[in-house]
Structures are given as C-alpha cells and as structure tokens.
1. Just to check your reading of the model, which residue among VAL155, VAL104 is touching a residue at least 40 places away in the same chain (Cβ under 8 Å) and part of a helix (DSSP H, G or I)?
2. Looking at ALA324, ALA312, ALA347 in this structure, which one is aliphatic (A, V, I, L, M), over 18 Å from VAL383 (Cα atoms) and crowded, with 17+ Cβ neighbours inside 10 Å?
3. Residues that are in the same structural domain as THR321 (by TED's automatic domain parsing), on the phi < 0 side of the Ramachandran plot and either hydroxyl-bearing (Ser, Thr, Tyr) or within 27 Å of the chain's Cα centre (by Cα) (or both): does segment 389-401 have at least one?
4. Looking at segment 629-647, which of its residues are assigned to a helix (DSSP H, G or I) and either of a type outside the set (Gly, Ala, Ser) or touching a residue at least 40 places away in the same chain (Cβ under 8 Å) (or both)?
5. From the list LEU179, LEU193, pick out the single residue that is in a helix (DSSP H, G or I), within 19 Å of SER58 (Cα to Cα) and touching a residue at least 24 places away in the same chain (Cβ under 8 Å).
6. Going through segment 551-563 one residue at a time, which ones are surrounded by 18 or more Cβ atoms within 10 Å (Cβ to Cβ) and touching a strand residue (DSSP E or B) at 6+ places or on another chain (Cβ under 9 Å)?
7. Let me spell it out: the conditions are (1) farther than 30 Å from MET519 by Cα; (2) of a type in the set (D, E, K, R); (3) surrounded by fewer than 18 Cβ atoms within 10 Å (Cβ to Cβ), and ARG186 meets all of them except one. Which number is the exception?
8. Within segment 584-619, which residues are farther than 23 Å from PHE666 by Cα and within 28 Å of the chain's Cα centre (by Cα)?
Amino acid sequence: MSAAPSWTLQRDAEGLATLTLDKPGGSANVLSREVLVELDGLLAKLEAQPPKALVVRSGKPSGFIAGADINEFVALRSLEEAYQLIRGGQQVLDRLAALPCPTVAAISGFALGGGLELALACRYRVAADDGRVSLGLPEVQLGIHPGFGGTVRTVRLIGARAALELMLTGKPLRADKALRAGLVDRLVPRAELDAAARALALHPPAPHRPPLAARALSWPLVRPFVRPALEKQVARRARRDHYPAPYAIIDLWAKYGARGAAAYEAEARSIARLFLTDTSRNLVRVFFLQDRLKGLGGRAPKDLQRVHVVGAGVMGGDIATWCALRGLEVTLQDRELKYVEPALARAKEYFDKRLKDETQRAAALARLKADVAGDGVPDADVVIEAIYENLDAKRALYATLEPRMKAGALLATNTSSIRLELLAEGLADPGRLVGLHFFNPVAQMPLVEVVSGSATRAEVAAAALAFAHRIDKLPLPCRSAPGFVVNRVLTPYLQEAILALEEGVPPAVIDRAAVGFGMPMGPIELADVVGLDVSEHVGVIIAQELGRPVPELPALARHLAAKELGRKSGRGFYEWRDGKAVKDDAGGAAAPDDLVDRLLLALVNECAAVLREGTVDDADLLDAGVIFGTGFAPFRGGPIAYARARGVAAIVARLEELAARHGPRFTPDAHWRTLDVPGT
C-alpha cells in the first residue's frame, strides 16, 4: 500500500496550476527525499503540459516549509551518499526554476532552510503580513550551509552583502525586512495570500534584481578584496577549525560569485563534506537535544495567566519582565517601591528594544505592575521567589506567602544552590514547592532548571515544566541536589581557573585557553559576570553539602574584602567599562600545557558525578543542560559527548595524571566505569 501523497496538483479554468504541500504525519512541512521525489514527478507533468502560471503553497496552518528533513542528515555515512542526496534535491529545484511559466511561492508563517530555497527557485514570492512570517537560511547553525541552490540563488536575488549576512548569521528575517531586502515581492494580509499569489502569477511584473552596487560585490575583480573582511568578521565569532561552515560559504562565493553550473556543483560537494564533520554531527545532535527539552514542557494549562514575583533585583526583575513579554500578567514585589522602580525602568528599556510596535510595547508594560503589598499573591497561578540566597530569609518569606496562595498555585524558588528539602521545612504543603532556576541574563539564556525536591508532587513538577515551556524557555527536569546541575558542574571549572590565577597564570591567558576550546566566555570573565560574591557563596554551599573541603582562594577573598564583586561593581578580576572587561593580553603569553584539561576536565568529571547521583535522568539531558545553561562548546556536543569522543579511558587516564600533579580534586569519578554504556 503506497503512502499518502504529500503534494496535490490542481489546475483551474484560467490555466493556473497550484501545487500544495501538506506532508502527512506532522504539523510542519519538511523536504524529505520522498517529498522531493514526489515533487519531481509532478514537475514532469507540468513540463509535459505547461500551465499558464504556477503557485506553490502550503496546506498547513503552521507555515510554508520548515526546511530539509534533518533525520536524513544523521543517516548519511559517506561523502558520495551525502552528495547524491543534495544533488538530487538541487536538480528538483532546478527543474522548478526552469518551468516556462511564471511561478510564485505563497508564504505564510515560516520559510526556512530548504523551504526558503524552494521559494527562491520560484520566480516570485508573496508573503502573509501577519507578524508570523520568518524567512531564513539557518543551516550554519547545524554546521552546514544551504545546499539546494541557496548559496547561488540568494546572492543573485538580493546581492552578496544581504545574502551573505543571511547565510553567515543564520538569523531569519521578518516579513517587512524580507520585503525591503527583495527576498519577497509583495506582502499582503493573511486572508488575501492565495488571491495575491494568483494575481501575481497571472499578471507578472519584471522579476526583482538587486541594484548595481549590490551586484558589483560579486564581480570577479571585487571579490578578492571583500573576502578578507568577511573572514575577519566571521573570525570574531567562530574559528574555522571549530565551525567550518561559514568559511565554506565565503569560499564558495569568493570562487564562483554565485554564477554558473559550477557554483551549484561546488555547493553540493561542499555541503556533502560538511555533513560528515564532527561539528555538524554534534550540532545536529544539539538540535535534537533542544527538541527533546521543548517536548518535556508539554502544553501549559490555559488558566496559567498570572505570575507574582518576589524580589525585584536583577534576577527577579528580569524574570518578571520576561514573563510579561510572553503575555502573562505579572506583579512584582519587594520591600519598598524604590527597589521595584529600577526593575520597571529596565523592563521599559527592554520592551522598547524588543517590541517595534508601540501598542505592543504599551501592552507589555501594562502587564507588569509594582506590588509592594503583595496584593497579587492570592490570584497568582505561579509565585516565584527570587530573593537573596539565604535559607532563613526564604523560609520566612514562604511562611507569609503560603497562607495567601490559592489552591493549585505553584510556589517556585529561583534558588541557585539550596536544596529544596531544606527550603520546604515549615511549609504546610511541601509538595507544592518546586525550583524554577533561571540563568543570568534571563532574556538571553534559554534554560530553566525545573527542580523537584523529595516532597514535590509529580503534578507540580509537570506544571512547572509546562510553565517554562509557556514562557518559551527550555526546561531541564532535575532532582534537588547541591547546585542542581549547571552550578554544580560550573563551580569546579570556575574554582580551577581561580587556582590557576593564584599560581600566576594571567587572567587573560586563562580565558583565552577556555575560549580556544570553544567556550563562549572564559571562566575568569564569567566569574566577574556572575558576581564574585555569588560565585563564592554558591561554591561554599555546594562544598559543604557534598562534604568536600572549601578550596582556599586568596585572590577571590582579596577582591571580596575590597568590595570588588565583578561587573556589577565595576571591578573584579577585571576592570569593567561600559559593561565590558578591560583585558591585558599578557603579552601573548602561552598557557601552561595542562591548563585546558585542568579547566574542562574539572567540569567534565563533575558531570560524571551528577549522573552517578541521578540528579538528571540520562547523559543526553545533562549535555543539553550544560550546553544551554553554560554555553558549553555546542560543536563538541556537550561534556559527556566530548568525553566519549575523546575516549572514556583517555579521560580517566588524564584525570589520574592531573590528580598526581595537582591533587585529589581530579580523582576520576566512579561513574566513568559505566559511561561506555549508552544512555548512562
């Protein structure tokens, strides 16, 4: 029995043909091999009996086409297999582009990756102007680049500068920006999309061409002068050996100028090589890990609309701001109005930057209200405590909150290190307490640790996961333990960096070593960003809870005594100006030969301990948490994936060497003996 078709082809009395994609079994269309083969057969029919014009549209309300089927990337095992997959897709879209009639892509929602490439193979594009349209080529985020002709057609359509920015950043464009760039020809209300596509197809204007200045960048004599600037720009964000895809995009453009059959052939050969790199394999893995976290959230109850946040400091204020941005009614409480007002001012500034529409900005600001008296507590569906990290203070606050909360409301703590079992002592209903640990800065960090204590009821944990999903965060379910997951594994990494500092290694050298490994920020700078007082306090709590000695860190103690707390005070290990660390490059001094392993294996070894203790269910969840909670080099796939790629035996041997040289803190965790078993 044959599978249900993905495409339908209809013709009307005026000679207009319409191809509608509605891939069975999913909420979004993707360009799998089968979908492309089916399209190829329909294009053969259109070639045999050409219509007056053709419209390509989606039958799904979610959007146009989300891209290629990423599951097929994982199955690729050889260079030739990868090349044939891509070249086959190119040839189908070439066939669409060569039809002897006007062709129009009618785009609603998203058109991403291969979906946008299919739209680019049409002569025209019309999009629904409903605030949902997102057009982009995000392949670079998977360690590859466009492969169905996108590196050629995008440049030909909108010019090299705009096309390269689209491909190199992977960031999508909203409909209005896509129109200005020339990526789409018309914007219309959603209800008029099909009619507008029909009119454009039957009465086609001259196709869009970029202005001469934009075309001139791709001239053969110009490209060699532009290429170094492009590579320098990319190098500020990523090294070629870590992320080869953006450099491959530049290489293709510099050599072929987006012209001729050779450019398409080179694109296919290039992406085939990238598919098989460790970087792409790991970034695809991270994509699926992200999907797994999204799936854990489920669907939030419709009545979850009101949030009350206690503590208007940086974390509490930013949590409240984020919730208001995501459409929730939020009340923000602190001891006096003067402590709440700075958070409201930051919220207004954030809404002004984030929301372009004045009505939307006003609505978001109206959803966030100061509430010194705590009048919002009885109506809140979620009460989030975000005060300072003190056990007695938090317990005292709960004693005033709990009697006023309605039945079924969540009592959540943003504690970064205190076990929920300790916090729940004294509660009439300890089962309603759950951890919602956000990371700083809230607007940029996607992860929220959803922490269950021994008394937390299953339905409470499930509701907390759903809440995190409702506000567009990635929820990581974990059990109550010292430091939970992210702070637990980050603490030895930061402490090892400070110990290296004590030994005379310059801070810039330490940070450069970590960034060279692939971390987004060095550990010394990170400690300053987190706050040296916070780093010290969390480290002490975790050490005491685990029964470990608190490491002696005189350099840290000196800064704390001088009230030099890092970025927030203007000075810590670095001086901070305009929010940026002032770094001395230490004359380009070389790092000690074992510094990278000291830093990273301290973190990786702690990950094994977290798995052994069962704080998270499996190694994949741990990798996801550390990637999205710390920025751990995504191209390495996470700390456990990195350990397995390097070899568990090699990791253990190196830890033993470090323990002999630097002390028992590097003793390999017992869990390494079982880490060669998948899923552990």
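The values are calculated or read from the model by the stated rules, or taken from the named source; none is laboratory data. Since this is a predicted model, take the numbers as computed values, not measurements. Methodologically, a virtual Cβ is constructed for each residue, glycine included, from the backbone with ideal geometry; neighbour enumeration extends over all protein chains shown.
1. Checking each option against the conditions leaves just VAL155.
2. Exactly one of ALA324, ALA312, ALA347 is aliphatic (A, V, I, L, M), over 18 Å from VAL383 (Cα atoms) and crowded, with 17+ Cβ neighbours inside 10 Å, namely ALA347.
3. yes
4. Scanning segment 629-647 gives GLY629, THR630, PRO634, PHE635, ARG636, PRO639, ILE640, ALA641, TYR642, ARG644, ALA645, ARG646.
5. Of LEU179, LEU193, the one residue that is in a helix (DSSP H, G or I), within 19 Å of SER58 (Cα to Cα) and touching a residue at least 24 places away in the same chain (Cβ under 8 Å) is LEU193.
6. Within segment 551-563, HIS559 is the sole residue that qualifies.
7. Here ARG186 clears every test but (3).
8. Matches in segment 584-619: ASP617 only.
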